[in-house]
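Reviewing the structure listed below.
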Amino acid sequence: MNADRYARQRMLQGMGEEGQERLAGATVGIMGVGGLGSPASMYLAAAGIGRLVLADPQVPEESNLNRQVLHWTEDVGTRSKVDSAARKLAALNPNIEVLAKAVEVSRDNIADVFEGCTILLDCLDSVPARMVLNEHALRTGTPAVHAAVEGWHGQVTVMVPGETPCLACLFPRAPRAAGDIPIIGVTAGVFGCLQAGEAIKLITGIGQPLTSKMLIGDLSSQYWDTVEIGRARECPACSPHSGR
Ligand SMILES: [Zn+2]
């Protein structure tokens with residue numbers, strides 16, 4: 001019954017019926033449904049990921065709308081971001097399941113919130129929240145696709161626990177809270193799409209994921225580069241001496 005919806009991606013080398021079934025069988029957890037989480041979840045829904053778990057405690061505000069494209073004027077102040085997102089994703093693709101969890105994800109509840117997720121997306125904007133995701137990913141061996149954006153530039157990498165640098169290797173200390181950062185919506189759109197693409201690659205085994213590599217890009221100058229990244233010897237989260 002879904003022959004037409006996925007016909008064009010089924011034609012991709014390495015995809016076929018088997019790849020599409022892998023997408024349908026996957027559960028992807030998306031932490032943060034804002035500027036990154038909006039495009040990431042839209043493209044994952046469109047691709048037919050069987051189950052999306054969305055977690056975000058916030059309600060859309062007007063100042064979110066320049067970049068958080070799943071949230072529209074009618075959603076401002078009226079419903080949670082996850083509810084707002086789930087409505088649009090269900091309309092986009094009614095064949096998938098979307099679980100909306102309007103909760104602040106913490107060390108205490110993250111195992112429940114993302115139970116059954118085979119891949120996690122770090123669509124967050126704060127280092128302490130990223131560390132909660134990181135700890136859970138390391139503990140459960142779950143791959144995570146990280147992205148961060150500001151202004152016109154951003155970065156994306158794929159973390160595979162025990163193999164690649166973890167998020168604590170990349171962010172050894174939390175920067176001081178900067179308040180509202182400047183950002184144009186297209187930056188979040190591009191990097192959120194890249195996260196969805198990496199997740200699809202991980203699920204289907206197609207291509208080369210951005211493991212132990214960081215893609216950095218600046219849309220204002222169109223400077224793009226992919227740099228090798230390594231694990232921090234003294235990482236408090238993933239080094240052999242970290243007590244894990
Ligand atoms: Zn580490």
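Summary table
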{"item": "Boolean, Ile206 is away from the ligand (no atom under 12 Å from the Cβ), touching a residue at least 60 places away in the same chain (Cβ under 8 Å) and more than 19 Å from Pro39 (Cβ to Cβ)", "result": "yes"}
{"item": "Of residues in region 115-127 being outside any strand (DSSP E or B) and touching a helix residue (DSSP H, G or I) at 6+ places or on another chain (Cβ under 7 Å), the one nearest to the ligand (Cβ to nearest atom)", "result": "Leu124"}
{"item": "Long-range neighbours under 9 Å by Cβ, at least six apart or interchain, first residue closer than 9 Å to Pro60 by Cα within region 73-89, second in a helix (DSSP H, G or I) and modelled with pLDDT under 95", "result": "none"}
{"item": "Residue ranges of helices (runs of 4 or more DSSP H) in region 1-51 with at least 2 members touching a residue at least 12 places away in the same chain (Cβ under 8 Å)", "result": "16-25, 37-47"}
{"item": "Residue identified as of a type in the set (Ser, Thr, Tyr), over 16 Å from the mean Cα position of the chain (by Cα) and within 16 Å of the ligand (Cβ to nearest atom) among Ser212, Ser220", "result": "Ser212"}
{"item": "Number of positions in region 59-79 that are in a loop (DSSP other than H, G, I, E, B), crowded, with 21+ Cβ neighbours inside 10 Å and more than 18 Å from the chain's Cα centre (by Cα)", "result": "1"}
{"item": "Residues of region 128-178 classified as in a loop (DSSP other than H, G, I, E, B) and either away from the ligand (no atom under 11 Å from the Cβ) or more than 23 Å from Arg67 (Cβ to Cβ) (or both), total", "result": "18"}
{"item": "Members of region 89-114 that are assigned to a helix (DSSP H, G or I) and farther than 13 Å from Leu44 by Cβ", "result": "Ala90, Ala91, Ile110, Ala111, Asp112, Val113"}
{"item": "Criterion violated by Gln58 - all others in (1) under 18 Å from Ala102 (Cβ atoms); (2) touching a His at 6+ places or on another chain (Cβ under 7 Å) satisfied", "result": "(2)"}
{"item": "Selection within region 223-239 - more than 16 Å from the ligand (Cβ to nearest atom) and either touching a residue at least 60 places away in the same chain (Cβ under 8 Å) or more than 20 Å from Ile184 (Cα to Cα) (or both)", "result": "Asp225, Thr226, Val227"}
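The values are calculated or read from the model by the stated rules, or taken from the named source; none is laboratory data. Remember, it's a predicted structure, so these values are computed and weren't measured experimentally. Glycine gets a Cβ as well: all are built from the backbone with ideal geometry, and neighbour counts include every protein chain shown.
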